[in-house]
Structures are given as C-alpha cells and as structure tokens.
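In what follows, a structure is listed as structure tokens, so that the remarks can point back to it.
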C-alpha cells in the first residue's frame, strides 16, 4: 500500500516518524512519500518532498505575508500526490494546510486519514464539517477530543498520547546529570532550561525577555534548548551573554534541569512528562493575537497542554503583555522550591496517569492498518 504523508512542523515530524515505523513493523511492503523532517527521513531513508523547515508560518500576519509561497506549496502538493497515486493520504496535524488538501483529495477519490486533530474545541469549530465530508478516519491524541467529535456525530479514535512513546524510547539513552554537564561544558549549578521555540518569530518576540532575568538567578545556570531548524545566529544574543546553547538535546536538557522557561506548545507537555516544573510563555504578533482572541472568545481558558488536559491552572501561563521580565522572574522563583513546586509535581503525576501508558503509536498503527485493509 502506498501512503502519502504530510507533516508540517517538528512535532508532526516526531509523531509521524513513530507511526510510520510502527506501520512498517506491521507490513514492510508499505511505501511512503512525504512532507516532513529528518526523523521521517531516518525511518524511510528518503528525502522529504518538502522539508518542515520551509513550511512553518506562524500567525495570521505571517501567513498573509507568505501567502504566495503557501499557494505554490499547495499547487505542488496536489501535483505530487496525483503523480504518486497513493492508496491513502495520511495527514498529521498542520491543519491550515492539511484540511485544504483533505477536501481536494476526497474529490479526487483518494482515501484520507488524519492523525492529531485540529483544535476544533478551541477555534474554527466549523472545520469539523470539512473533516466529516473529507476524512475517513480521525485519530486524536487528547482524551477529551473523542467527546468533542461525538457532539458532531463523528467517531474519532483515541489510543493514547504519542509523546509517551517518544519519551519512553529515549529515556534509557539520556545522559545523567554528570555526563550532560561534562559533554556540554556546563558547571555544577542547577540548570534552568530555556526553550524559546523552533520558529524565527518566536525567537524574535520572546527570547530577549527570557534572557533578561538571567542575572537575577546567579545560583543557577541557564541552558538554551536550540534547534537546527533555525540558523545558529538566532541564538547569538544568548551566546554573547556567555549562556550555553545545546542543539537537538531537548529531552536530555529536560531530564537534567531543575526548572524550565518553556514556549507554549508541545514542549509544555513534554516538560510535564519529564516532571520538570515550568513557566509557560507565549507572545504572538499583536494583530494575530487579537484576531485569535476574538475568534476563540471564552471557549478555551488555557493555552498550555497540561492545563488544557487537566482543565485547571497547573502551570503558570504568561501570555502577551503578561510576559514581562518582572512576571517571569516572580513565577520562576515560585517553582524553584517550596509548595508551588511540590503541587505542580503532584499535578504532573495525575496528568501522566490520565494519559496512560506508552504504546500509542503502535495502537494507532494497528487501528489504521486494520481499518484501511478492511475497507479495501
């Protein structure tokens, strides 16, 4: 069976690669063509048709500025799919792009499977109509999403969160604190992990604020989690301050850190699964954020995954104008020691229990494979 897979962000690359790996264990004759990143390339030993580093446009304004490129990508994608003639189109997250392709693919008679749902519970709930008419099967990764789809008379499948798999696979390989410090030329002070994001816009808006408090915590060392999806120059402001940047070592950093300053996104859940106390940061473009707030309204109380899943303020979120050096300093102090830290760790334990054990990628692969082959 031939799969055409589209993932457009680092988290999609991670989860798609694990799913593809499990599908190949079920049936090693499966063929893939894909949009994605290095992790998907490692599984397939093929180059992506488009790499994720060329696909991430964040916010309304950025999308408008890059609209010509986006339309070119859509046109190329459609042409590429038709030439490849896949048996199934497997879409992974990346909804702004993937839902357009889903609707088109359905009209071409191509079967469409979606993994990692658009956040219809937060905004653009009308997207569920596109999903109902275009997507043959939806596999969700948050337990409450099944009920959201049920409300719209659509059966979605939940088999656990794939981050548990990703972390489980890496845990035995992660260096202990002594090794991590030695390999990265760090000193013996406790580590505060700083994860400013993987997009250029995130670095531009938040990084300097995150770094502004470094001098207030002399008993700790700040270590930046960098990504090779961005040029090294993006981290010059930290390097010029003598702050260490470690590249593509996010899990090792989380595993050995005492606390974290984390950009809103997948990393907030990863931090929770590593039991790393954190302050969550988000700062979008003024116009983009204002539009998003108007659209979302009061439907969503939180932006970080731990808070969303547990439906309570487990971690502190500093959003837009609240993200200031003063507020960040205050909240970081609270999680370095004491009751706030202990309460957060206790909530993390409840979150981990709720999400269940690892094995989500395998379960989804089995469900997907059986579904597709039952309907051949």
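The values are calculated or read from the model by the stated rules, or taken from the named source; none is laboratory data. The structure presented is a predicted model; accordingly, all values stated were derived computationally and were not measured. Glycine gets a Cβ as well: all are built from the backbone with ideal geometry, and neighbour counts include every protein chain shown.
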Exercise. Counting only residues that are surrounded by fewer than 23 Cβ atoms within 10 Å (Cβ to Cβ), in contact with a strand residue (DSSP E or B) (Cβ under 7 Å, 6 or more places away or on another chain) and assigned to a loop (DSSP other than H, G, I, E, B), how many does the range 95-125 have?
Worked result: 1
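Scan the range 174-181 and give yes if some residue there is surrounded by 13 or more Cβ atoms within 10 Å (Cβ to Cβ), farther than 25 Å from residue 318 by Cα, within 22 Å of the chain's Cα centre (by Cα) and touching a residue at least 60 places away in the same chain (Cβ under 8 Å), otherwise no. Explain how you work it out, then say what you get.
So in the range 174-181, the residues surrounded by 13 or more Cβ atoms within 10 Å (Cβ to Cβ) come out as 174-175, 177, 180-181.
Filter again for farther than 25 Å from residue 318 by Cα, leaving 174-175, 177, 180-181.
The next check asks that each one be within 22 Å of the chain's Cα centre (by Cα); those that pass are 174.
Now drop any that are not touching a residue at least 60 places away in the same chain (Cβ under 8 Å), which leaves 174.
Looking through the range 174-181, at least one residue is surrounded by 13 or more Cβ atoms within 10 Å (Cβ to Cβ), farther than 25 Å from residue 318 by Cα, within 22 Å of the chain's Cα centre (by Cα) and touching a residue at least 60 places away in the same chain (Cβ under 8 Å).
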Exercise. Can you find even one residue in the range 132-149 that is out of contact with any strand residue (DSSP E or B) (no Cβ under 9 Å at 6 or more places or on another chain) and buried (at least 19 other Cβ atoms within 10 Å of the Cβ)?
Worked result: no
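Based on what the data block shows, is residue 128 buried (at least 21 other Cβ atoms within 10 Å of the Cβ) and out of contact with any strand residue (DSSP E or B) (no Cβ under 8 Å at 6 or more places or on another chain)? If you could, list the steps in order and put the result at the bottom.
On the way: buried (at least 21 other Cβ atoms within 10 Å of the Cβ): yes; out of contact with any strand residue (DSSP E or B) (no Cβ under 8 Å at 6 or more places or on another chain): yes.
Judged against the criteria, residue 128 is a match.
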For this session: Keeping to the range 214-242, report how many residues are farther than 26 Å from residue 336 by Cα and surrounded by 18 or more Cβ atoms within 10 Å (Cβ to Cβ).
Result: 3
Problem set entry | Pick from the range 327-346, criterion loosely packed, with under 13 Cβ neighbours inside 10 Å and either over 18 Å from residue 219 (Cα atoms) or not assigned by TED's automatic domain parsing to the domain that holds residue 262 (or both), ranking: farthest from the chain's Cα centre (by Cα) | 339
